[in-house]
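Novice: Sharing a structure, written as structure tokens. Questions coming.
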Amino acid sequence: MSSTASSPALTAIAPGTLLPAPRTLPSTSAVFSALLRADLTTQWRNRRASVMTVLMPVIILIAWKFLIERLGGPFVLANSITIGLNAIGLMGYTNSIARDREKDIFQRLRVAPAPNWTIMASRLTVQLVMIAILTIVIFLVGYQYDHVALTATGYVAGFLVAIVGGAVYLALGQAIVGGLKNPETVNATSRLIYIAFIMVGMFGEMGALGAFMNKAVKYSPYGTVNSIVTGALVPGTWTAHTTIALLITLAYTALFAILGIRWFKWSNK
Amino acid sequence: MNTLHDAPVLRVEGLNIDYGSFHAVRNVSFEVQPGEIFGLLGPNGAGKTSTLSAVEGLIRPFTGAIHVAGYDIRRQPLYARACMGVQLQATSFQPELTLVEILRLYAGIYGVNLTDNQLNAILRDIKLEDHAGKRYGQLSGGQQQRVSLVIATIHDPRLVLMDEPTTGLDPQSRRQLWERIEAMRDKGHGILLTTHSMEEAEAVCDRIAIIDHGQIITIDSPQAIIEDNRDRPEVISASRKGKITLEDVFIGLTGAAIRS
């Protein structure tokens, strides 16, 4: 069996012979690439769940066609993207981390020469791929079905800001899975927060829940992400308020990430 | 002074592990030599898994030093881990991945390039060549255990750690696993295993340490431990059929009370 220069060969060794020790470690890129391939495959095998994650915002996008004239195409697109980002961070990422921790999958990886950060970076990269797929699907459905066309800059900026917005929910998911151990509790909590964000976020932002809630939602993770995505889709409409929303989004991300990293335990035991 | 060839593959010195005010492991020291199967025996909660977790680098000991193939697990954790293979108690692989995908994942992490022929040879060796495309979650307990063992040794580590490797296996699978463990020893691997099975300890271990309340009570070969303790009254009273076995000695030394 051949091996890289960094690891011993798996050849038959005579009894009593000392096995060779590694002189160098496998490269970080090789480790990361092996992890990423496995994580992408796992995501692909769970594609039904992934489709459901993307389906919800697509349904909203289609159902809200009649609101486009009143609220504007970019606003409706941004709402759908925000809901999808919510689902990816709170449902997909959080539950997969909780399950793998429960099964000791992380512990198995951690006793191999894989730096801890590569394990998490690989998981986050898969979620970035999901965010990219979600955004592209929303753009396509918006264009085809709702006839919402943006400028090239709008598409690129919207795509990039969706990643920034997605980071808030991934960080929030990390905080949930850090604060709670039991996978069922994690699942129930993330669902509750997801539904609360959607219901209160959507209706609150449209003013259906009163002036106070309208203001509160604007500064919530839902409202700030929605604001920056809307602003990015039509860069000409980016205002000082959008910049403040961006700063608040980054602050939320930092806060949740710090809590999530501090609280997180690799094992439930 | 040790020469290169008799240098221990694992050296644990003065290990202390605390969980809050609870002292799980107290001043534990032992060594595992190349080509040796070393068993860590103890009742539930005795400190076996804590000791093993510290060797794996999963928990940080309060005090003490652990060296794997000369690498300090705290200062050079990745090098130490590259020198060890671990078979965990739980079935800890992604159930969605196929056998081949899991083998490729861990080969990649350990920096081993596997050709298709080598992969097939591994699967043939563990009698799972017809299950290559099967998902890990669909394999039986015995098959999962064989996969777990082959992954633990895919990079030919100096040290192999096994946490209760035969738990839940039928007698045939258990015997087969013992033969595999002995074959690894014959190739020069040092093996540290924890077990509740005295039969297993007697059958495969060259030396054993009995640990209780976080402390090592005795370390020696199973036969020597039996001989040294056969006349103790608590061992004789634990004996059920007149002949003193390792289990009698174990119960005599650790007490008959059931642990949580």
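Novice: Apply the membrane-span-like helix rule to chain A: whole DSSP H runs, Cα extent along the own long axis of at least 24 Å, mean Kyte-Doolittle hydropathy at least -1.0. List the helices found.
Specialist: Sorted by number, the helices that extend far enough and score high enough are A:28-45, A:116-144, A:152-179, A:183-205, A:240-263.
Novice: Using the heavy atoms of the protein chains and a 1.4 angstrom probe, tell me the accessible area per residue for chain B in square angstrom.
Specialist: Using a 1.4 Å probe on heavy atoms only, each residue of chain B averages 42 Å².
Novice: In square nanometres and to one decimal, what's the mean projected area of the convex hull around the Cα atoms of chain B?
Specialist: Across all orientations, chain B yields a mean hull projection of 15.2 nm².
Novice: Once amide H atoms are placed 1.01 Å from N in the peptide plane, what residues at a sequence separation of 5 or more from B:ILE208, or on another chain, have their amide H within under 5 Å of its amide H?
Specialist: B:GLY39, B:ASP220, B:SER221
Novice: Continuing with the same structure: Out of the range B:7-113, which trypsin sites (Lys or Arg not before Pro) are coil in DSSP terms and have no more than 16 other C-beta atoms within 10 Å?
Specialist: B:ARG74, B:ARG75
Novice: Let me ask something additional. Near A:LYS218, which lysines are there with a Cα under 26 Å away, not counting those fewer than 8 places off in the same chain?
Specialist: Within the straight-line limit of under 26 Å, A:LYS218 reaches these lysines: A:LYS65.
Novice: Hey, got the average number of other protein chain Cβ atoms within 10 angstrom for residues in A:99-109?
Specialist: Mean shielding by partner chains, rounded to a whole number: 5.
Novice: In the protein assembly as shown, what percent of the accessible surface is made up of carbon and sulfur (1.4 Å probe, ligands and nucleic acids excluded)?
Specialist: That share works out to 59 percent.
Novice: Turning to a different aspect of this structure: Please compare each pair in A:LYS103/B:LYS187; A:LYS269/B:LYS241; A:LYS103/B:LYS127 to a cut-off of 30 Å on the Cα-Cα distance and tell me which ones are over it.
Specialist: A:LYS103/B:LYS187; A:LYS269/B:LYS241
Novice: Follow-up question, since we're still on this one. Restricting everything to alpha-carbon atoms, can you work out Rg to Rh for chain A with a Kirkwood hydrodynamic radius?
Specialist: Using Cα coordinates only, the ratio equals 1.07.
Novice: Between the range B:37-51 and the range A:101-153, how far is it from one alpha carbon centroid to the other, in angstrom?
Specialist: 41 Å
Novice: Over the whole of A:30-40, what's the average partner chain Cβ count within 10 Å per residue? Rounded to a whole number, please.
Specialist: The mean count of partner-chain Cβ atoms within 10 Å per residue comes to 4.
Novice: Taking a cut-off of 17 Å between Cα atoms, list the aspartates and glutamates near A:LYS181, but don't count ones fewer than 8 places away on the same chain.
Specialist: By straight Cα distance, A:LYS181 reaches A:ASP100, A:GLU102, A:ASP104.
Novice: Excluding same-chain residues fewer than 8 positions from A:LYS215, which aspartates and glutamates have a Cα within less than 19 Å of its Cα?
Specialist: Hits, sequence-local ones excluded: A:GLU205.
Novice: What accessible area, summed over both chains, is buried at the B-A interface (1.4 Å probe, Å², nearest 100)?
Specialist: 4300 Å²
Novice: The range A:163-250: which chymotrypsin sites (Phe, Trp or Tyr not before Pro) are DSSP loop and have at most 15 other beta-carbon atoms within 10 angstrom?
Specialist: Answer by residue number: A:TYR219.
Novice: Using modelled amide H (1.01 Å from N, peptide plane; none on Pro or chain starts), what sits under 5 Å from the amide H of B:GLN87, excluding residues fewer than 5 places away?
Specialist: Amide H neighbours of B:GLN87, under 5 Å, 5+ apart: B:LEU161, B:MET162, B:ASP163.
Novice: Next question, about the same structure. Could you work out, residue by residue across B:96-109, how many beta carbons of other chains sit within 10 Å of that residue's beta carbon, and then give the average as an integer?
Specialist: The per-residue average across the peptide is 5.
Novice: Excluding ligands and nucleic acids, what accessible area in Å² is computed for B:ARG180 using a 1.4 Å probe, to the nearest 10?
Specialist: 50 Å²
Novice: How large is log10 I(q)/I(0) at q = 0.05, 0.08, 0.11 Å⁻¹ when the Debye formula is applied to the Cα atoms of the protein assembly as shown, each weighted equally and without solvent?
Specialist: -0.27, -0.62, -0.96
Novice: For the protein assembly as shown, what does -39500 (n - 2.57) per DSSP helix run (n ≥ 4), summed and divided by total residues, give at 222 nm, in deg cm²/dmol to the nearest 500?
Specialist: -17500 deg cm²/dmol
Novice: Still on this structure: Where the centroid of each part is defined by its Cα atoms, how far is the range B:96-149 from the range A:166-215 in Å?
Specialist: Centre-to-centre (Cα) distance: 40 Å.
Novice: Starting at the first residue of the range B:197-209, write each ³J(HN,Hα) from the Karplus equation 6.51 cos²θ - 1.76 cosθ + 1.60 with θ = phi - 60°, in whole Hz, x for Gly and Pro.
Specialist: Coupling constants for the range B:197-209: 8, 5, 4, 5, 4, 5, 6, 10, 7, 7, 9, 9, 10 Hz.
Novice: Grab the beta carbon distance between A:LEU247 and A:ALA132, set R0 = 25 Å, and tell me the FRET efficiency rounded to 0.05.
Specialist: Step by step, r from the Cβ atoms, then E = 0.55.
Novice: If you build a Gaussian network model of chain B, linking Cα atoms that sit under 10 Å apart, which residue out of B:ASP156, B:ASP170, B:ASP206 swings the most?
Specialist: Sorting by GNM fluctuation, first place goes to B:ASP170.
Novice: Sticking with this one: Amide H neighbours of A:VAL148 under 5 Å, at least 5 residues apart or on other chains, H built in the peptide plane: list them.
Specialist: A:TYR143
The values are calculated or read from the model by the stated rules, or taken from the named source; none is laboratory data. This is a predicted model, so every value here is computed, not measured. Cβ: placed from backbone, ideal geometry, glycine included. Neighbour counts: every protein chain shown. These accessible areas exclude ligands, DNA and RNA; they are computed on the full protein's heavy atoms, side chains included. Shrake-Rupley method; radii C 1.70, N 1.55, O 1.52, S 1.80 Å.
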